[in-house]
């Protein structure tokens, strides 16, 4: 009878630990890819629901101006019923039943709130998932108001970025400098909408509270 090796309890414990470690690594790779391992397709665009607030790019510290904001999102798939042609979406899951979650990065100066449904795309060179550039936002004017335009010099002021949460205007805690093209100043604590100038990263007042 050929000689063999006996595995004691310590050896079995180590095998279990190795198995759990490998399983976690496989799940982590599945999450980063955002698709099923082995299907031969690297998806470059997904529909997702924001799980944790996707922070804006860091502009508070000039040395970190190029540091992207980040957050997490869960992947969803678009489904069309073959009979009714109705289109719906549903959450995607890993083989262990957990939600497929990916890290998402933000180049914009505006955060993306929790529970927002967004489209994300994969950056070709890094392979990282990116949120599309935010072009509009809700904001509350800072305590000093926003000055009016004087000739060709736009008015300026600070605004706190908000989003709507169940009908309630909710402060994200992020502040931007915005420009005012109107000759009329805007009072402090007024709610406004702002939009991004397409040729640069400046934000301008789009509409203000006239009440």
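The values are calculated or read from the model by the stated rules, or taken from the named source; none is laboratory data. As the structure is a computational prediction, the values presented were derived from the model and not from experiment. Every residue, glycine as well, gets a Cβ built from its backbone with ideal geometry; the counts of neighbours run over all protein chains shown.
Numbers for the structure displayed
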item: Residue that is surrounded by fewer than 16 Cβ atoms within 10 Å (Cβ to Cβ), outside the structural domain of residue 188 (by TED's automatic domain parsing) and at pLDDT 95 or above, where the choices are 96, 103; result: 103
item: Answer from 104, 134, 118 - the residue that is out of contact with any helix residue (DSSP H, G or I) (no Cβ under 7 Å at 6 or more places or on another chain), outside any strand (DSSP E or B) and within 25 Å of residue 77 (Cα to Cα); result: 134
item: Some residue of region 28-39 being more than 30 Å from residue 174 (Cα to Cα), part of a loop (DSSP other than H, G, I, E, B) and at pLDDT 70 or above; result: no
item: Residue in region 82-94 that is assigned to a strand (DSSP E or B), more than 20 Å from residue 134 (Cβ to Cβ) and more than 20 Å from the chain's Cα centre (by Cα) present; result: yes
